[in-house]
Amino acid sequence: MQLLHSPPSSTLPFHRSARPVIVAGKSFTEPINIASFSSQRNLRTSWVPKAAQIQAATSDVSSQVAENDVLKALSQIIDPDFGTDIVSCGFVKDLSVSKESGEVSFRLELTTPACPVKDMFEQKAHEVVAAIVWVKNVKVTMSAQPARPVFTGQLPEGLRTISNVVAVSSCKGGVGKSTVAVNLAYTLAGMGARVGIFDADVYGPSLPTMVSPENQLLEMNPEKKTIIPTEYMGVKLVSFGFAGQGRAIMRGPMVSGVIDQLLTTAEWGELDYLVIDMPPGTGDIQLTLCQVVPLTAAVIVTTPQKLAFIDVAKGVRMFSKLKVPCVAVVENMCHFDADGKRYYPFGRGSGSQVVQQFGIPHLFELPIRPTLSASGDSGIPEVVADPQGEVAKSFQELGVCVVQQCAKIRLQVSTAVTYDKSMKAIRVKVPESNEEFFLHPATVRRNDRSASSVDEWTGEQKLQYSDVSEDIEPEEIRPMGNYAVSIAWPDGFNQIAPYDQLQMIERLVDVPQLLPL
């Protein structure tokens with residue numbers, strides 16, 4: 001057998017000796033080339049950087065393991081609205097871990113400060129992290145995401161820092177719509193949210209009667225030419241009744257302009273919820289409101305009578321056409337209790353009929369209470385005057401419903417249309433639909449129906465098939481309210497793609513099934 005020998009060294013022969021070397025507090029034997037070092041000092045100096053590197057690497061690994069322990073513990077907490085753990089939802093922020101001292105601190109950033117389960121989240125997060133073996137002290141801080149709408153493009157400046165806009169509508173006068181709007185707003189404020197109320201009824205504004213702010217007149221900011229809302233108990237208020245004009249006597253187009261000005265030029269600031277008290281009807285004013293501001297959701301108010309149901313049905317259909325989800329029905333003046341019995345003086349079934357016919361998920365019944373009517377006339381909302389009463393409890397349930405449904409809607413809208421770079425396909429999951437499908441980006445671009453791609457008069461196709469590259473990819477996809485997305489393409493074109501149109505486009509088949517985004 002032939003052995004392979006290393007080539008002879010051209011340097012002087014040296015003696016190898018073994019001596020203990022201390023690295024990171026541990027002793028081990030390391031062969032040393034004595035001829036390579038002139039002194040023991042040189043030996044120690046040459047090993048310091050390597051020891052520091054080993055110690056730093058060990059510390060990094062330990063810190064990463066500790067963070068994983070904390071995140072794994074927190075992933076046991078499931079958000080009841082989204083059905084996903086709080087780590088996957090992105091709620092855990094500013095995580096700081098020290099395994100040596102046993103200190104852990106982090107912040108839970110929720111979607112809204114009015115989250116009905118925030119106390120449960122805080123308590124549960126503290127418990128699951130404290131249960132980790134090496135943890136000695138846990139500090140949990142609660143916060144909420146900054147107020148911002150899902151879609152911020154082309155919105156008036158005053159509306160760009162409002163997270164959710166909730167319309168309270170009945171399409172019929174006299175059913176208690178303003179009462180519901182005001183008490184809902186103050187319920188949300190009591191849950192910790194930043195809230196504003198916009199009274200959109202110019203012909204008969206109710207807000208000046210139902211609340212009693214110290215300043216009864218709206219003020220103007222002369223520099224910005226904006227309206228400064230008045231306030232009552234921390235809720236910002238804007239109403240034509242605070243403009244010093246009383247009730248308006250004007251034609252429809254003028255009213256639409258007044259509403260637009262009051263709503264869009266007001267300095268609302270950061271709001272979690274703007275509650276709009278919609279005027280009766282389904283005409284120009286209502287359509288203007290729905291077009292000016294992207295409504296997050298609508299709450300429908302009715303009474304038990306059949307006549308109320310007929311008008312309410314018109315309003316529900318209007319919101320459906322405008323792609324505004326109706327999240328709850330409030331049946332006002334339902335019943336009263338006397339002699340140990342419950343009486344329904346106006347009959348039963350209008351609210352449940354709306355729920356069943358239009359698929360609205362939640363129904364709330366409000367009793368006939370003299371105090372509820374009296375509070376509306378006194379300027380103090382019932383939920384403020386009697387926060388522990390039966391009416392306040394009903395509004396508390398309604399407030400929780402609105403908060404949860406708005407959060408779901410925002411999540412659905414923000415993830416409805418996304419681009420998967422690995423698959424080079426546009427993923428579509430339309431809100432309120434279980435269907436999910438994929439589209440080829442070039443196909444979506446070629447199906448643009450705007451005036452840039454199709455002649456408005458002749459219907460002639462201006463964008464040709466060959467004008468769009470097969471490998472085109474969207475640069476950005478942003479939601480536009482509840483009905484469409486805006487897609488930015490590399491050629492500088494911004495395409496507005498309604499969900500209805502995307503559902504009609506030719507779809508990709510045999511797409512690999514991946515985990516949901």
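Kindly indicate which of 155, 184 is more than 20 Å from residue 73 (Cα to Cα), open to solvent by less than 20 Å² (accessible area, probe 1.4 Å) and out of contact with any strand residue (DSSP E or B) (no Cβ under 8 Å at 6 or more places or on another chain). Give the derivation first.
Numbers: 184 fails: out of contact with any strand residue (DSSP E or B) (no Cβ under 8 Å at 6 or more places or on another chain).
Only one candidate qualifies: 155.
For every residue, the table says whether it meets (1) out of contact with any strand residue (DSSP E or B) (no Cβ under 6 Å at 6 or more places or on another chain); (2) under 22 Å from residue 297 (Cα atoms); (3) surrounded by 15 or more Cβ atoms within 10 Å (Cβ to Cβ).
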| residue | (1), (2), (3) |
| --- | --- |
| 391 | yes, no, yes |
| 395 | yes, yes, yes |
| 406 | no, yes, yes |
| 425 | no, no, yes |
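Could you please let me know if residue 472 is open to solvent by less than 60 Å² (accessible area, probe 1.4 Å) and assigned to a loop (DSSP other than H, G, I, E, B)?
When the stated conditions are applied, residue 472 passes them.
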Residues located in the stretch 96-109, provided they are open to solvent by 30 Å² or more (accessible area, probe 1.4 Å) and assigned to a loop (DSSP other than H, G, I, E, B): 99, 100, 101
Residues of the stretch 338-352 satisfying the condition of being open to solvent by less than 80 Å² (accessible area, probe 1.4 Å) and in a strand (DSSP E or B): 338
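Here's the yes/no breakdown for (1) closer than 27 Å to residue 431 by Cα; (2) exposed (fewer than 14 other Cβ atoms within 10 Å of the Cβ); (3) at pLDDT below 90; (4) among the hydroxyl-bearing types (Ser, Thr, Tyr):
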site: 77; (1), (2), (3), (4): yes, no, no, no
site: 88; (1), (2), (3), (4): yes, yes, yes, yes
site: 94; (1), (2), (3), (4): no, yes, no, no
site: 111; (1), (2), (3), (4): yes, no, yes, yes
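When you look at residue 320, is it open to solvent by 30 Å² or more (accessible area, probe 1.4 Å), hydroxyl-bearing (Ser, Thr, Tyr) and touching a helix residue (DSSP H, G or I) at 6+ places or on another chain (Cβ under 8 Å), yes or no? Explain how you work it out, then say what you get.
Values: open to solvent by 30 Å² or more (accessible area, probe 1.4 Å): yes; hydroxyl-bearing (Ser, Thr, Tyr): yes; touching a helix residue (DSSP H, G or I) at 6+ places or on another chain (Cβ under 8 Å): yes.
When the stated conditions are applied, residue 320 passes them.
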Some residue of the stretch 453-466 being in contact (Cβ under 8 Å) with a residue 40 or more places away in the chain and under 30 Å from residue 290 (Cβ atoms): no
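Report yes if residue 161 is buried (at least 17 other Cβ atoms within 10 Å of the Cβ) and out of contact with any strand residue (DSSP E or B) (no Cβ under 8 Å at 6 or more places or on another chain), otherwise no. Talk me through it step by step, then tell me what you get.
Working: buried (at least 17 other Cβ atoms within 10 Å of the Cβ): yes; out of contact with any strand residue (DSSP E or B) (no Cβ under 8 Å at 6 or more places or on another chain): no.
In short, no.
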Subset of the stretch 353-379 [touching an Asp or Glu at 6+ places or on another chain (Cβ under 8 Å), assigned to a helix (DSSP H, G or I) and closer than 14 Å to residue 330 by Cβ]: 372
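The values are calculated or read from the model by the stated rules, or taken from the named source; none is laboratory data. Note that the coordinates shown come from a computational prediction; the quantities given were computed from them, not determined experimentally. Glycine also receives a Cβ, built like all others from the backbone with ideal geometry; neighbour counts cover every protein chain displayed. Heavy atoms of the whole protein, side chains included, go into the accessibility calculation; ligands, DNA and RNA do not. Shrake-Rupley method; radii C 1.70, N 1.55, O 1.52, S 1.80 Å.
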